[in-house]
Structures are given as structure tokens and as C-alpha cells.
Amino acid sequence: MADFDDLLAANRTYADAFEIGGFDGIAHAGVAIVTCMDSRIDPLNMLGLRAGDAKIFRNPGGRVTDAALEALVLGVHLLNVNRILVVPHTRCAMASSTEQELHERVGQSAGQDVSWQRFNVVEDQLTALEEDIHRVRAHPLIPESVKIGGFVYDVDSGLLDQKF
């Protein structure tokens with residue numbers, strides 16, 4: 001249990017100043033963000049938002065997967081989402097590695113063959129972003145009234161660049 005003591009201590013400090021108890025769970029700014037799991041990305045702060053303002057879905061590469069689409073549909077219909085941002089980023093391992101390279105690196109770390117594991121690398125980040133934006137716009141449960149934008153986040157400058 002001691003493995004998490006530092007995090008639990010930080011959580012107690014966080015809870016001492018916790019202000020959103022009883023929150024209704026909707027996206028108060030009407031925003032949903034699909035982005036990468038990369039720890040260099042702080043989705044709320046990069047947009048000037050606070051806890052409770054947005055729904056955030058993260059995965060390797062920031063792709064619009066089936067699970068991301070499920071989250072977006074729920075966000076639009078149940079959680080006040082009316083703007084969707086899809087945000088991959090610069091220097092992403094998923095866009096700068098091949099499937100084979102990731103198999104080798106993970107296999108070496110795991111000490112076993114991982115060729116069965118799919119990692120969904122991104123060969124062309126802008127093409128993938130365009131496909132993801134189209135996938136959201138074409139979804140029958142995402143109304144045309146929802147604004148959808150594709151951006152690339154620069155992990156070195158903190159800036160977003162709108163591409164779509």
C-alpha cells in the first residue's frame with residue numbers, strides 16, 4: 001500500500017481545497033477534447049478552462065477511436081457539448097515510430113513477443129487528423145450544429161494550430 005502514499009498525500013491536500021463537490025457533471029463551457037495521453041498536454045489549461053468546463057477523452061495519438069466517438073455522442077446529447085476539438089501533438093511517439101519499432105521497444109521492455117498487440121501508429125498526422133474530423137462530422141448522432149475543429153498542439157511552445 002505504501003506504493004501510493006505520495007499520491008494519496010497529494011490527494012488529501014487537493015481535497016482540502018476541493019470546490020466542485022456536488023457538480024452536475026456537464027461540460028459548462030460546452031467543450032469536448034479528444035487528445036493524446038502524453039503528459040506534456042494539459043488540456044484544460046491550454047484552453048484557459050477549469051475543471052467542469054470540458055469533457056476530455058485521451059488515448060495514444062489522440063485519435064477518434066470508436067470509444068472516443070461514443071464519448072462524443074454522449075457528450076453532445078447528455079453533457080452540454082457543442083464544440084469538439086481533436087488535438088494530436090508534435091513529437092508524438094505514435095506519429096514518429098513504426099508499428100515494428102514499437103513492437104521491438106515494448107517487447108524488449110516486457111521480455112516477450114508482443115507482435116500480437118496493435119499500437120495504431122500514425123503514418124501521416126495531418127491526414128489522420130483530417131480523417132478523424134471527417135469521422136466525427138459524418139457520425140449520424142453528431143448534429144451539424146456542433147462545431148468541430150482539428151488542431152495540432154506544439155509541445156514545445158504550448159500553442160495550438162488549427163488545421164481543420
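The values are calculated or read from the model by the stated rules, or taken from the named source; none is laboratory data. If you're wondering where the values come from, they're calculated on a predicted model, not measured in any experiment. Methodologically, a virtual Cβ is constructed for each residue, glycine included, from the backbone with ideal geometry; neighbour enumeration extends over all protein chains shown.
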Requested in this report: From Gly158, Gly111, Gly149, grab the single residue that is on the phi > 0 side of the Ramachandran plot and within 20 Å of the chain's Cα centre (by Cα).
Outcome: Gly158
Query raised in the report: Condition test on Thr13, is it in contact with a strand residue (DSSP E or B) (Cβ under 8 Å, 6 or more places away or on another chain), among the polar types (S, T, N, Q) and modelled with pLDDT of 95 or more?
Result: no
Query raised in the report: Got a number for residues in the range 11-20 being assigned to a helix (DSSP H, G or I) and over 24 Å from the mean Cα position of the chain (by Cα)?
Result: 4
Report task. Filter the range 45-101 for residues that are touching a residue at least 60 places away in the same chain (Cβ under 8 Å), surrounded by 17 or more Cβ atoms within 10 Å (Cβ to Cβ) and at positive phi and give the result. Result -> Gly61
Report task. Check whether at least one residue in the range 120-134 is of a type in the set (S, T, N, Q), touching a residue at least 12 places away in the same chain (Cβ under 8 Å), surrounded by 12 or more Cβ atoms within 10 Å (Cβ to Cβ) and over 30 Å from Ile26 (Cβ atoms), and report yes or no. Result -> yes
